1. By per-residue mean of other Cβ atoms within 10 Å, what is the highest-first order of 103-113, 32-42, 76-86?
2. If you take the square roots of the eigenvalues of the alpha-carbon gyration tensor of segment 33-122 and sort them as a ≥ b ≥ c, do you get rounded (a/c under 1.5), prolate (a/b over b/c) or oblate?
3. So how far apart, in nm, are the two label points at LEU118 and LYS98 if each is 7 Å from Cα heading toward Cβ?
4. What does the accessible area per residue of segment 41-122 come to in Å², with a 1.4 Å probe and no ligands, DNA or RNA counted?
5. Put a dot 7 Å past each Cα toward the Cβ at ALA79 and GLU44; how far apart are the dots in nm?
Amino acid sequence: MLKFVLFFNISMRKIFFAPPPHTYISFAFEQCFLIAFAIEIAGEQGIELLCADTDGIDGSENNAGAFVNGESAIAMRDAGLDPVAYLQNNDAYTAFDKIGALFIPGPTGTNVNDFRALLITG
């Protein structure tokens with residue numbers, strides 16, 4: 001029986017996709033990935049994900065990334081937010097801010113690239 005899986009990844013993400021020219025100004029790669037992930041795992045138990053930029057800033061806001069789990073998209077809906085609409089508008093920051101899921105370590109003074117940690121238990 002699977003007890004847990006822990007996955008770490010550090011990567012360059014700019015080669016995979018770029019924001020369309022009409023998108024919200026604070027487009028943040030990690031947060032858009034996270035909100036899409038949150039939508040897909042909504043209601044699932046035992047899945048936790050942190051994505052962050054190692055320099056302490058993702059996009060133009062004050063956070064490095066955010067934490068998500070199976071309750072994240074549900075919490076957004078409970079707060080009157082539509083996670084799909086926030087994803088389409090590339091404004092995941094606001095959605096994560098409203099549910100208290102932002103990761104804000106402050107500037108780190110280094111930029112190794114993007115960090116992802118996925119924990120699956122069960």
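1. Sorting 103-113, 32-42, 76-86 by mean packing, highest first, produces 32-42, 76-86, 103-113.
2. It is oblate, given that a/c is not under 1.5 and a/b is not larger than b/c.
3. About 2.7 nm, to one decimal.
4. Working: 3850 Å² over 82 residues.
I get 47 Å² per residue for this part.
5. With each label point 7 Å from Cα toward Cβ, the separation is 2.2 nm.
The values are calculated or read from the model by the stated rules, or taken from the named source; none is laboratory data. Every value quoted in this text rests on a predicted model; they were computed, and no experiment measured them. With ideal geometry, Cβ positions are generated from the backbone for all residues, glycine too; neighbour counts draw on all protein chains shown. Side chains included, ligands, DNA and RNA excluded: accessible areas come from the protein's heavy atoms. Shrake-Rupley method; radii C 1.70, N 1.55, O 1.52, S 1.80 Å.
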